[in-house]
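I have placed the structure first, in the form of structure tokens, so that the comments after it can refer back to it.
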Amino acid sequence: MGTMALHTLSLRALLVLGLWHTGRRSLASAPELQNQPKKIAVVGAGIGGTAAAYYLRQEFGTGVKIDVFESGLVGGRLASVKIKDYEYEMGGSVIHPLNLHMKHFVEILGIPPRKDVPSKMAIFDGKELMFEESDWYIINFIRMLWRYGFNLLRMQVWVESILDKFMRIYQYQQYGYSFSSVERLVHAMGSDSFLTLMNQTLEETMMGEGFSQVFLNDIVAPITRVNYGQSVRINAFVGAVALAGADSGLWAVDGGNKRVCSGLLYHSKSELIPARVTSISIKVRPSKTGATASFYEVSYVGESGSAHSLYDVVVIATPLHQGMSDITFSGFSPPIPSHFPGRYHQTVSTLVHGLLNMSYLGATGPASAFKVSEVLTTDSNGSFISSLSSLDPVHIPEDYKRPPSNETKVWKVFSSQPLSQEQLQNIFLSWDSVTENRWLAYPEYRLPSRQIPPFILHNHLYYLSAVEWAASAMEMSAISARNVALLAHNRWHEQDGKIDQEDLQTRLRGEL
Ligand SMILES: Cc1cc2nc3c(=O)[nH]c(=O)nc-3n(C[C@H](O)[C@H](O)[C@H](O)COP(=O)(O)OP(=O)(O)OC[C@H]3O[C@@H](n4cnc5c(N)ncnc54)[C@H](O)[C@@H]3O)c2cc1C
């Protein structure tokens with residue numbers, strides 16, 4: 001008898017709990033409905049802002065109006081350009097196989113990954129190619145072993161162990177947990193060891209782990225240079241993200257990565273407002289109940305002039321740094337700066353439709369035999385470029401074959417300064433088009449790390465791009481987007497138990 005009663009009781013409890021849970025997640029129970037935000041603004045329609053719109057819709061339901069402001073093109077740092085018959089990626093290009101949010105986005109949007117074209121890598125020291133990948137895995141393996149001992153294998157193990165911890169964030173977010181600062185988010189993934197990564201250079205960290213200086217110069221630096229345009233003195237957290245960006249199985253979105261952004265905008269049923277946000281100020285109004293309510297007044301300039309609107313929640317999804325976004329915050333105490341300290345690193349992306357000059361690479365063989373598509377560079381005086389790669393279009397046609405290097409094709413050069421005519425003439429024998437884009441691409445990761453900007457600028461005003469100071473990547477913006485949407489929801493409904501919880505790893509183990 002006794003056990004029966006207990007049994008029914010727990011069943012009922014489960015049922016009630018279950019109902020409450022679905023209520024929170026989707027239907028929004030009656031009292032909550034009255035107390036939902038009515039309007040939310042997102043500033044920026046890159047992957048961060050559009051993912052934020054998607055997750056905000058998921059958290060707050062269909063009742064709220066979501067406006068997304070964009071002063072340039074949807075996609076932001078994900079952008080493509082047409083050269084001759086095809087489109088090519090100019091900015092953010094590759095995605096890691098374990099980037100689960102990006103994977104989820106292409107799944108729900110029904111966009112396939114781009115067809116894979118196998119590629120080979122070489123390393124250039126400014127004079128000659130010091131390493132060239134062969135067709136044969138075993139040959140590469142033996143060469144690497146000969147030169148660097150087990151450094152390469154150990155690096156894979158090291159990066160994998162970091163990735164393992166990194167992956168925890170997906171489970172926490174699945175359960176609705178959010179974090180009030182970048183440091184707390186990073187700490188939740190990998191405890192103190194991850195905070196240490198953020199506060200040490202990649203070089204220090206890897207030397208401490210027993211990697212050799214030669215390996216750092218020859219292999220690690222070329223990877224940090226191609227992915228972040230910077231040396232091994234970047235912080236070890238972003239360093240590990242860079243190294244993961246040299247894993248196998250990297251993918252891109254068919255038709256261009258920016259398609260995810262327009263897809264998420266559409267899917268989230270938010271309204272795109274093509275305008276530049278100029279200022280955000282706080283307005284306090286008396287509410288029906290007699291208490292005061294505060295709103296954010298967003299002022300913006302579009303084609304039809306300037307205007308402003310009131311919002312309950314605002315998410316800034318563009319870097320608040322010199323040369324990026326000029327947004328004035330007024331009426332806030334303490335004041336919010338237009339620009340946080342720290343600079344963004346310039347990476348110039350130059351797409352050349354031309355004929356490669358093999359002697360620039362110090363190569364003696366014929367160009368027709370040069371099968372390398374990715375040339376990385378060491379940190380030597382000779383290399384004014386960070387990388388040189390043969391580009392494939394964003395959509396790979398059925399019968400596509402990458403043109404050989406003795407034919408005119410599209411090459412992409414990354415450098416920190418624009419290429420001079422003379423430098424172009426060094427690298428290419430001839431060309432018929434040059435397309436240059438000067439990006440303020442990602443933070444200049446100098447240590448000791450400056451204070452990382454906050455996620456919370458004010459009660460319901462959030463700063464998504466703060467996450468870039470841990471590491472900048474599409475997936476990082478997506479993770480931050482989900483965190484900010486959860487944080488906005490948890491704070492709006494005063495669910496403190498879902499914010500900054502310690503020890504989630506052990507607590508959630510029981511829930512699985
Ligand atoms: C050359 C290059 C290569 C890269 N390679 C990779 C890679 O291979 N893999 C990877 O994962 N990441 C890569 N990245 C990084 C990645 O592109 C970025 O981390 C990511 O795209 C950032 O997205 P976001 O939405 O946070 O910011 P953004 O894309 O910068 O979006 C911000 C948007 O806000 C808009 N905006 C700015 N100010 C205002 C305003 N006042 N009002 C309205 N709108 C405004 C901007 O126009 C922009 O569209 C690369 C970046 C660059 C530049």
To the nearest 10 square angstrom, what accessible area does TRP251 show with a 1.4 Å probe?
40
The chain, helix-only ellipticity at 222 nm - DSSP H runs n ≥ 4, -39,500 (n - 2.57), divided by all residues, nearest 500:
-10000 deg cm²/dmol
Evaluate E = 1/(1 + (r/R0)^6) for SER281 and PHE150, where r is the Cβ-Cβ distance and R0 equals 56 Å; express this FRET efficiency to the nearest 0.05.
0.45
Taking a ≥ b ≥ c as the square roots of the Cα gyration tensor eigenvalues, with a/c under 1.5 meaning rounded and otherwise prolate when a/b beats b/c or oblate if not, the chain comes out prolate
Over segment 230-334, what is the mean sequence separation of C-alpha contacts under 8 Å (at least six apart), divided by residue count, expressed as relative contact order in percent?
20
Loop-only check: which GluC sites (Glu not before Pro) in segment 133-224 are DSSP coil with at most 16 other Cβ within 10 angstrom?
GLU209
Amide H of ASN406: which non-local residues (sequence gap of 5 or more, or other chain) have their own amide H closer than 5 Å, using H built in the peptide plane?
SER368
Along Cα→Cβ, 7 Å out, is where each label goes; now give me the distance between the ones at ARG143 and GLU204 in nm to one decimal.
3.5
I'd like the FRET efficiency for SER416 and SER161, computed as 1/(1 + (r/R0)^6) with the beta carbon distance as r and R0 of 25 Å, rounded to 0.05.
0.20
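How would segment 262-349 be classified by its alpha-carbon gyration tensor: rounded, prolate or oblate, with rounded meaning a/c under 1.5 and the a/b versus b/c comparison settling the rest?
Cα axes put segment 262-349 in the oblate bin.
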Cleavage-rule hits (GluC sites (Glu not before Pro)) in segment 255-328: DSSP loop, at most 15 neighbouring Cβ within 10 angstrom
GLU303
Can you tell me the equivalent ellipsoid semi-axes for segment 352-434? Use √(5λ) from the Cα gyration tensor, largest first, whole Å.
21, 15, 13
I'd like the Karplus ³J(HN,Hα) series for segment 221-230: coefficients 6.51, -1.76, 1.60, θ = phi - 60°, whole numbers in Hz, and an x wherever there's a Gly or Pro.
4, x, 6, 5, 5, 6, 8, 10, x, 10
Long-range HN-HN contacts of SER279 with modeled amide H, under 5 Å:
SER299, THR328
Please determine, in degrees from 0 to 90 and to the nearest 10, the orientation of helix 151-166 with respect to the longest principal axis defined by the Cα atoms of the chain, where the helix direction is its Cα long axis.
10
Qualifying trypsin sites (Lys or Arg not before Pro) for segment 213-304 [loop in DSSP, other Cβ within 10 Å: at most 14]:
LYS269, LYS288
Interchain or sequence-distant (5+) residues whose placed amide H lies within less than 5 Å of the amide H of LYS65 are LYS39, ILE40
Mean accessible surface per residue for the chain, computed with a 1.4 Å probe while every protein chain stays in place, in Å²:
47
Above 20 Å lies some portion of the pair distances; for segment 210-324, what is it as a whole percent of all C-alpha pairs?
68
Evaluate the charge dipole of segment 275-372 about its Cα centre and quote only its size in Debye, nearest 20, assuming +1 on the Cβ of each Lys and Arg and -1 on the Cβ of each Asp and Glu.
140
Residues of segment 374-394 with the amide nitrogen closer than 15 Å to a label point 7 Å from the Cα of GLU407, along Cα-to-Cβ, please.
390-393
Rounded to whole Å, sorted largest first: equivalent-ellipsoid semi-axes of segment 423-512, Cα gyration tensor:
41, 16, 14
Ignoring ligands and nucleic acids, ASP500 exposes an accessible area, probe 1.4 Å, in Å² to the nearest 10, of 40
Candidate lysines for bridging to LYS258, where Cα separation is under 22 Å - those fewer than 8 sequence places away on the same chain excluded:
LYS82, LYS84, LYS103, LYS115, LYS269, LYS412
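Give the calculated FRET efficiency between ASP432 and SER359 to the nearest 0.05, with a Förster radius of 25 Å applied to their Cβ-Cβ distance.
0.75
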Express the C-alpha Rg of segment 109-208 as a ratio against the empirical globular expectation 2.2 N^0.38 Å, rounded to two decimals.
1.50
Just the number, please: carbon plus sulfur as a percent of the accessible area of the chain, 1.4 Å probe, no ligands or DNA/RNA counted.
55
Probe 1.4 Å - accessible area at ASP247, Å² to nearest ten:
60
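The values are calculated or read from the model by the stated rules, or taken from the named source; none is laboratory data. The structure displayed is predicted, hence computed values, not measured ones. Ideal geometry is used to build each Cβ from the backbone, glycine not excepted, and the neighbour counts take in all protein chains shown. These area figures cover heavy atoms from the full protein model, side chains too; ligands, DNA and RNA do not enter into them. Shrake-Rupley method; radii C 1.70, N 1.55, O 1.52, S 1.80 Å.
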